[in-house]
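A quick write-up on the structure given underneath.
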Amino acid sequence: MKPLSNSHKQLKGTLEVPGDKSISHRAIMLGALAQGETKVYNFLHSEDSMSTILAFQRLGVDIDKNNNTVTIYGKGVQGLSQPKDSVNMGNSGTTVRLISGILAALPFNTKLVGDQSLSHRPMDRIIEPLTEMGASIESSGGTLPMLIRGRPLTPIRYRLPVDSAQVKSAIMLAGLLTEGITTVLEQNTTRDHTERMLPIFGVEVNRNDQGIQLEGRQNLASSTIHVPGDVSSASFWVAGATITPGSHVTIKNVGLNPTRLGFINVLKRMGAQINTEVKRYEGDEPIGNISASYTERLTPTPLQKHEIATLVDEVPLLALVATQANGQMKMKHLEELRYKESDRIKTTVNTLKQFGATIIETEDGMIIEGKQELHGAQVDSYGDHRIAMMASIASFITTSKVTIKDTECIRISYPRFFEDLASITI
Ligand SMILES: O=C(O)C1=C[C@@H](OP(=O)(O)O)[C@@H](O)[C@H](O)C1
Ligand SMILES: C=C(OP(=O)(O)O)C(=O)O
């Protein structure tokens with residue numbers, strides 16, 4: 001139980017958020033496939049990113065972690081070997097989906113398992129294209145546990161039926177270990193960290209109207225990765241400052257990759273006072289600062305289908321912000337939210353309803369009435385880190401105390417969330 005009494009308090013100050021989760025996962029994976037020593041700086045120390053380190057250690061790769069600096073002693077693709085036991089993916093969808101692309105093409109068998117939430121999430125979205133490449137994957141009902149019998153694959157040209165960077169990356173990683181050219185076509189742009197990081201390890205990736213193409217069996221050279229701050233973590237402070245009177249926050253050294261900026265773009269469209277400034281590049285990733293100030297008048301705006309993937313993890317927060325906009329906000333095209341750590345359409349609607357919001361669930365989204373005064377309540381995190389953090393931010397605008405059941409799950413992506421919150425609460 002976490003009690004939060006933040007009514008009449010403000011968010012003020014400057015902070016840095018921990019390293020990007022998506023980039024941290026990918027740095028471990030590509031470092032493990034490369035030949036030689038790869039250093040990863042500002043690695044996200046969290047349960048999800050640890051699931052990736054532990055998985056590659058189980059596959060025979062030596063990895064040292066010293067605070068937020070990780071050293072991977074890659075021995076090339078040959079450095080990976082059959083694990084003695086099943087490998088636990090914990091709560092991490094990114095770990096299981098990306099690693100499956102690698103394991104499908106390697107000459108040994110691996111059984112992947114996960115926690116209760118992950119065991120309910122759909123894996124058919126990767127089983128289907130990988131099977132088309134010739135993979136042998138056993139799973140009952142398209143969920144974990146999954147037995148992957150690795151073998152040589154054939155390349156494919158695949159049009160993604162869902163806007164998912166995890167599916168795209170799984171196919172690219174399988175293609176990387178497969179003779180020939182693999183092509184992935186997207187309906188809408190999803191986060192492109194895999195495409196941006198592969199060239200840093202010496203792999204050529206072509207991106208044009210023909211899709212994303214890569215030639216398999218290219219050797220990866222070891223590299224150095226500096227992970228930017230996670231813009232999804234920064235979004236909690238951006239949302240908090242935008243809706244809480246008197247607030248102003250600046251988040252420094254955060255990733256500003258355009259495929260991740262949907263939440264900030266939608267907030268700006270609603271009239272929010274937010275500035276972003278790219279200061280430098282690390283590898284091919286833009287890094288800079290974000291500042292956000294309280295905005296009294298926010299105007300609702302419809303969400304476009306093509307922008308959903310660029311804000312997919314920020315929807316619970318966007319719904320909270322929408323309760324403070326002047327009018328009704330309809331959010332559609334959100335069916336992917338049903339397949340996250342919780343059914344985030346349901347859990348967002350239930351949580352905001354408990355705070356007194358007028359909000360209804362629709363098949364593919366929600367309709368939110370604004371502007372509403374919210375009151376305190378005791379709410380459940382549903383074991384979902386993003387719901388727990390959204391409810392914590394809500395405590396700044398509720399008229400009374402918010403208590404959140406099970407905030408342990410925040411360790412999945414942002415272990416020092418409450419320390420950072422305290423540092424900018426006045
Ligand atoms: O590729 C990634 O690192 C991620 C992709 C997204 O999932 P989908 O690919 O399922 O949309 C996102 O929700 C997740 O937090 C991280
Ligand atoms: C959906 C998320 O992550 P994953 O799919 O990796 O579990 C998330 O972090 O919100």
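Evaluated against (1) without any contact (Cβ under 8 Å) to a residue 60 or more places away in the chain; (2) surrounded by fewer than 20 Cβ atoms within 10 Å (Cβ to Cβ), N188 falls short on exactly one condition, (1). Quick check on my filter: what residues within the range 86-143 are under 17 Å from A32 (Cα atoms) and assigned to a loop (DSSP other than H, G, I, E, B)? Once the filter is applied, which keeps residues that are under 17 Å from A32 (Cα atoms) and assigned to a loop (DSSP other than H, G, I, E, B), the range 86-143 yields M89, A104, A105, L106, P107, F108.
Counting only residues that are touching an Asp or Glu at 6+ places or on another chain (Cβ under 8 Å) and more than 16 Å from ligand 2 (Cβ to nearest atom), the range 330-349 holds 3 of them. Residues that are among the aliphatic types (A, V, I, L, M) and within 16 Å of ligand 1 (Cβ to nearest atom) within the range 89-123 comprise M89, V96, L98, I99, I102, L118, M123, listed in sequence order. Yes or no: T94 under 22 Å from the mean Cα position of the chain (by Cα), surrounded by fewer than 15 Cβ atoms within 10 Å (Cβ to Cβ) and touching a residue at least 24 places away in the same chain (Cβ under 8 Å)? Judged against the criteria, T94 is not a match.
Would you pick out the residues in the range 26-71 that are surrounded by fewer than 24 Cβ atoms within 10 Å (Cβ to Cβ) and part of a strand (DSSP E or B)? Passing the criteria: Q35, G36, E37, K39, Y41, D62, I63, D64, K65, N66, T69, T71. If you scan the range 76-85, which residues turn out to be surrounded by fewer than 18 Cβ atoms within 10 Å (Cβ to Cβ) and either part of a helix (DSSP H, G or I) or modelled with pLDDT under 95 (or both)? Q78, the sole residue that qualifies.
For first residues located in the range 125-136 and under 9 Å from I148 (Cβ atoms), partners that are away from ligand 1 (no atom under 16 Å from the Cβ) and lie 6+ apart or on another chain with Cβ distances below 7 Å form the pairs L130/A104; L130/I137; A135/A104; A135/L153; S136/R149; S136/R151.
Against the list (1) within 16 Å of the chain's Cα centre (by Cα); (2) more than 26 Å from P152 (Cα to Cα), the condition S164 fails is (2).
The values are calculated or read from the model by the stated rules, or taken from the named source; none is laboratory data. None of the values given here were measured: they were computed from a predicted structure. Virtual Cβ from ideal backbone geometry, glycine too; neighbours counted across all protein chains shown.
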